[in-house]
Each structure stands twice: as C-alpha cells, then as structure tokens.
1. Taking the Cα atoms of the stretch 174-221 alone, what are Rg (to one decimal) and Dmax (as a whole number) in Å?
2. Just how many % of Cα pairs in the stretch 308-428 lie over 21 Å apart, if you round to the nearest whole percent?
3. So, with +1 on the Cβ of K and R and -1 on the Cβ of D and E, and no other charges, what is the size of the charge dipole of the stretch 1-75 about its Cα centre, to the nearest 20 debye?
4. Largest first, please: the extent of the C-alpha atoms of the chain along each principal axis, to the nearest Å.
5. Relative to the present Cα-Cα distance, how much length would full extension add between D174 and E391 at 0.36 nm per residue of separation?
6. Which three semi-axes in whole Å describe the equivalent ellipsoid of the stretch 41-112, each the square root of 5 times a Cα gyration tensor eigenvalue, listed largest first?
7. By how many nm would the segment from D187 to R426 grow when fully extended, if each residue of separation counts as 0.36 nm and the alpha-carbon distance is taken off?
8. What does the extension gain come out to for R356 and E25, with contour length at 0.36 nm per residue minus their alpha carbon separation?
Amino acid sequence: MVDVELLARRLVEIVGPAHVIRDPEQLATFERDWTGRFVGVASLVVRPGSTAEVAQVVRTCAELGAPIVPQGGNTGLVGGSVPRSGEVVLHLGRLHELSDVDERSRQLSAGAGVTIAEVQERARQVGLDYPVDLASRDSATVGGTIATNAGGMYVGRYGPTRAQVVGLEAVLADGSVISRMSGLIKDNSGYDLISLFVGSEGTLAVVTRARLRLVPSLPARAVALLGLPSLERAVELVAVLHRTLPTLLAAEVFFHEGLELVCRHRGVRPPFDRPARCYLLLECGGQEDPAPGLAEAVADVVPEEWALLGSTPIERSRLWTYRESHTEAINAEGVPHKLDVTLPLAALPAFEQEVRDRLRRRVPGARPILFGHVGDGNLHVNVLGCDPADERVEEAVLTLVAEHGGSISAEHGIGVAKARWLHLTRSAADIAAMRAIKRALDPQGILNPGVLFPPEHP
Ligand code: 2HG
Ligand code: ZN
C-alpha cells in the first residue's frame, strides 16, 4: 500500500503546495477522459514545473512504489491518460517552454505541455508549419501527441508524429533523464530510443520536451467535398487523385449517418440537396492557388451536382466542419465506444459493410458511425447505443479488423480500451519482445500500468 500522506509531503517538497492537488472536486477534472467513458480515481495530482522536478517526482514515486499516469491535454480516446485505481496523475501542463524557430534547421523545441496549436502558430510566424493537425489542436499537447504517436489529417503527406520528432527529452522510471535534443537528422549512434518512446503511451518514459521538425507552410488552400455512392468509389478516387493531383494534402471520409448528426448538433444545412451514402473531403495546398487544379480533377471524376468547392477561408472551414465536428456531435448523443482502426486499402470497403452487419447481429441496439482518414486506410468506428462497458462491441469490431489484415489501433493507441485485444494483431513473440522492453526500462511497472498490455496473470 502506498502511504499517500508521506507521498504528498515528499511531492510538496519538490513542487510546492500549490502544485499538489488533493481536493476531490479539483481532482475530478483529471480523473475523467474527454468522452466520459473512462473515469477513475487518483490519489493526487502533481504538477512539476521543470524536467528536473519531473525527475524528482518520478524518483520519489518509484521509491514509495506509487504508480504514475502521465497526463497532458487529456484529449486521448483510449483511456490512457486517466487514472484507474489510485495512481498519481503526473500532469505536464507546466512544461510550457516554446523556443523560437531555428530557421536553418527548420526546427523548434517545445515542452511537453505546449499545445499543438501553439506550435503551429510559432511555426507560421516564419512561413513554416507543424504538419500534425487534429481537431483537438487547442488542447492536445506535444507530450500527449508524442506518447500516442498522433496522426491527424495530413499523415499521408507528412507522416505521423513520429516522423516529426527529431529530438526528445524524457524521464525514465528510475528518475534518470535521457536528453537527445540536438535535432540531428542523421544520428546512428545505437538504438533509436526516440522512436521507441514515441507511441509508447507513457509506459516506458515520461516525455518532458521535444525537438520538432517543421515543414514549409502551404498558405494557398482549397477544399472539395464530394458526394459518392460508396466507400469503394472513394478509395478508387483517392488512388487516382494521388497520381494526378500533386497538391493533395488530405482525403477524409464520412457517411450519411454521421453527417445527419453533425447537421443536427451544429445547426447547419446538409451540403447537397439529396443525401449521398459516402462523402469524400479533399484538401489541397500549395504556394500558388490549388483551387483550379482541384476543380479540374474533381470535374473529371464526379457529376457537378455532387461536388462543392471551397477556396475562401470561410468556405473551407464550412466544408471541414462536416468532418471535424463528428467527434463532438457523437459525444453530444451519449458515451460512445471508439475504435480507431486501420485496414489495407483493398479491404477497407468490405470492412465498412461487414462491420455494420456484424455489429447489428452481435450487439442489438448498436449504432455505428464511421468516419476517418481514407487516404491512410484509417476508419474511426464510433458506436453509440450500447452500454460503455459492453465489450461485445470491441470484440465484434476488432476481430473483424484482424480477419482483414488490419491493425486495432491506427493513431489513438491501445490505452486501456484495447489492451485485451492486442494479441489480435500482434503475435506472441512480438508481445513478448515488447514486454521485455517494458520490464527492462520499468522493472517495478510504475509507468502507466494497465495501458498497452493485458494483465499477465489475469
Ligand atoms: C479524428 O480523426 C480524430 O477526428 C478523432 O482522430 C476520432 O473521435 C474519433 O473517433
Ligand atoms: Zn483521426
């Protein structure tokens, strides 16, 4: 048993009384995830203000055997950033330093608590951009997006978070600090710990700072929204457009049932006079206006009445709203099951049909709402209408993913939500190797227990 009184006293000595939270009312916001599906109890929340303080906090927790749940913007969707049963929540929000952009290397350094929107804004001041972009940009943090290897809208063009992280500072489970912040693009001196820690979901180390690669900004943008008869047609079109439209940055998909929800929730009119089965949103970017090229490419592939073009910022954001508002519109209806999965593109259309059938048959009342990043084969299968604890939903969806050769997590991570199903798309040898790494770096198992791996001896 952890002596919480002693732990709290020791942590107050490190960070000061203002940054150790124990009041139940204040704790509540740290104990619940954004969807409301994952709610737990924290013994306390500690908010260190520097890497040195994080190191001391982790060392103290290790000494007293107190498990830790690192937390950033708490926008994760797999329950990986909220406590389960009395852990210490290590909140990284005060690590808020953001460097100027080094224009020679096109890089900047950011503390774990800096938001993605703040990184983007700093980059844009000098004609660059941070290419990880997601609807939760104003709350999601550098540390959290690194822990989950977040993807977002522009992965097809720029890769996920892992591709942007050129340096990292992290605190290991014994309180030692690893700092590789020089931002060297070429550096083959031993194991690539940076890549290993990105996407490790707080189970191997606590990320405190990162060196991030920036890309030239593409200020001229254009968006098109197409109404299509099927996901199969969307997949075909995206394959063609990748060849013929070099300015293509994003290819997003949603369906009739999600659009209805969004229109109701946001009070907006549907984009077309008649509903389509599937909607494909395309975004192009360049130094010069990509709208004429996009319009021409679209005109070649869909009838005029099923295409809308947005070139002004207002028109573009109106079209993006249909896609970006899915998450909040779904949450406004109830607590969803969220299954972020990825499939080989050839299997995506069959999966989309079968997952609806399978859910209907196996989980009466299930209301699937699908959307995602079609260019990456990444669908977000959201399911309303079932008890949040009803794991038949996960079972039905994730086994189908495995049957089609996909992965049970594309960009949100495994968290606690999917740990039980890791074996579906990772072999026994693979899981044993991952467990060996976990044991080597965190022998006491204090970093984010319950996340990623199922219990070894259930
Ligand atoms: C998105 O693509 C995010 O909008 C959230 O990854 C997905 O809410 C979801 O399931
Ligand atoms: Zn997504």
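Every number in this text was worked out from the coordinates using simple rules, so none of it is lab data. Quick caveat: nothing in here was measured; it's all calculated off a predicted structure. Note: ideal-geometry Cβ built from the backbone for every residue, glycine included; neighbour counts use all protein chains shown.
1. 14.2, 48
2. Values: 2973 of 7260 pairs.
When every Cα pair of the stretch 308-428 is considered, 41 percent fall beyond 21 Å.
3. Working: 7 positive and 9 negative charges, 28 e Å.
Roughly 140 debye, rounded to the nearest 20.
4. 69, 56, 44
5. On the way: separation 217, 0.36 × 217 = 78.12 nm, distance 3.53 nm.
Contour length minus Cα-Cα distance gives 74.6 nm.
6. Numbers: eigenvalues 152, 48, 15 Å².
Over the Cα atoms of the stretch 41-112, the semi-axes work out to 28, 16, 9 Å.
7. Details: separation 239, 0.36 × 239 = 86.04 nm, distance 2.91 nm.
Length difference between fully extended and current span is 83.1 nm.
8. Numbers: separation 331, 0.36 × 331 = 119.16 nm, distance 4.03 nm.
Between R356 and E25, full extension yields an extra 115.1 nm.
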